Structures are given as C-alpha cells and as structure tokens.
Amino acid sequence: MNDLDALSALWELQWPTPAGDVQMRSVCKDRWVRFHSLPESKRYPEDEAEYAMVLERHHTLLNELGPNDNELYVVTHEWNGDLEPVVRMSQLQEVDPDARRWGSHVHDDEFPDDVLYEHRYISRRPRSREALDPLLRLVADDVIAGVGLAPLDLRWLYHPYDGGGDVFAPNSAIRDALKAAHPDWLSAHPAGL
C-alpha cells in the first residue's frame with residue numbers, strides 16, 4: 001500500500017460511497033446482507049464460548065467471501081472535533097499499529113459550532129485469526145466502531161459491528177448464496193437489520 005491515491009481511485013471505481021459511509025446499505029442494497037453474530041440476535045457476548053461463536057461467524061463469512069485472499073485491508077475510523085486527527089485510541093494503536101491516515105472529512109456539520117470530523121486509517125494485515133481477532137473482539141465489545149475489511153482488489157467489503165457483520169458482496173448472486181448458507185444468522189427484521 002505505497003500509494004493511497006491509487007487506493008482511493010480503486011475505491012471510487014468499486015464502491016459508490018466513501019469507506020465506512022452509513023449510506024452504503026441503501027446505495028449497494030443489491031449486494032448487502034447483514035448477519036448476526038449470536039443466536040436470536042443477541043448483541044454482546046458474555047463468555048468465552050460466545051466470543052468463540054462471534055469470531056467463528058466472522059471468519060466463516062470472510063473465508064466464504066475470499067478464500068484465496070491471504071491479506072486484507074483494514075479500514076478504521078475515528079471521530080473528533082479537529083480537522084487534523086489527534087493521537088489514535090490506544091486500543092486501535094495496539095491492534096492495528098501499522099495503520100496510516102487515509103483521509104479526513106466532515107462527518108457532521110449540522111451544528112456549525114460543533115463540527116465532527118471523521119478520520120480514516122488503513123493498513124494491510126494477514127487474514128489470520130492472530131491478526132484479526134483482537135480487532136474483532138474490540139468491535140464485539142463496542143469499544144471501536146467503523147471497521148471495514150476488504151481484499152486488496154476491493155471486490156467485496158465486510159463491516160463487523162457489535163452484534164454482527166454487514167457483507168457487501170461482489171454481486172447479488174454471491175450475496176444470495178451467503179444468505180442461503182447461513183439462514184439462522186439473518187435478522188428477522190423486515191429490513192434485514
């Protein structure tokens with residue numbers, strides 16, 4: 001990842017919204033599906049057995065999306081009131097120490113005296129449990145949010161959140177195959193949330 005401009009250009013070709021944009025679900029609805037990480041849509045794991053289930057579901061989906069992807073981009077976000085980012089959260093520095101700033105933009109300017117900026121970071125990590133599980137555990141505990149995982153060609157995206165993961169598949173056929181393979185992981189909510 002020597003050229004962040006090239007990565008940004010590739011992103012713009014593959015995806016119609018910025019990395020981590022909350023509008024991706026509506027813009028990419030033909031490729032989106034949400035999976036819950038615990039039975040009955042339970043949000044937070046309470047013991048090691050539940051953490052194991054959360055991590056297993058994340059890795060199962062990642063393996064089915066890209067079985068030959070040995071390395072992934074990890075995109076993280078932080079928000080504050082400064083145009084220039086401040087020191088990253090210590091937890092993020094610990095689990096993603098090689099992240100580089102990929103860009104910043106206004107996240108919310110509804111109140112002009114209290115503008116919120118979103119700072120985006122990116123790194124390349126091996127797609128292994130050792131490299132990803134510490135990050136996924138922080139997401140599961142709602143310590144961090146705004147995490148995205150993607151192969152180096154950006155053909156799919158995976159956004160873990162506290163309670164599950166949003167898949168943006170390369171196409172609707174792959175999305176539908178994932179839904180068919182894991183029906184018990186889907187939400188009963190009419191909008192799939």
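Read-outs: derived from the displayed coordinates by stated rules, not from any lab. The model shown is predicted, which means the values in this text are computed figures rather than measured ones. We place every Cβ from the backbone using ideal geometry, glycine too, and count neighbours over all the protein chains shown.
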Fewest to most Cβ atoms within 10 Å: 32, 79 sort as 79, 32
Calculated FRET efficiency for the pair residue 60/residue 100, C-beta based, R₀ 25 Å, to 0.05: 0.30
Net charge of Cβ neighbours under 15 Å - reference residue 94; Lys, Arg +1; Asp, Glu -1: -3
Taking a virtual spin label 7 Å from the Cα of residue 188 along the C-beta vector, which residues in segment 151-171 bring their backbone nitrogen under 20 Å of it? 163-165
Scoring only Lys, Arg, Asp and Glu (+1, +1, -1, -1) among other residues with Cβ under 13 Å from the Cβ of residue 4 yields +1
Given charges of +1 on the Cβ of Lys and Arg and -1 on the Cβ of Asp and Glu, with all other atoms neutral, how large is the dipole of segment 29-185 about its Cα centre, in debye to the nearest 20? 760 debye
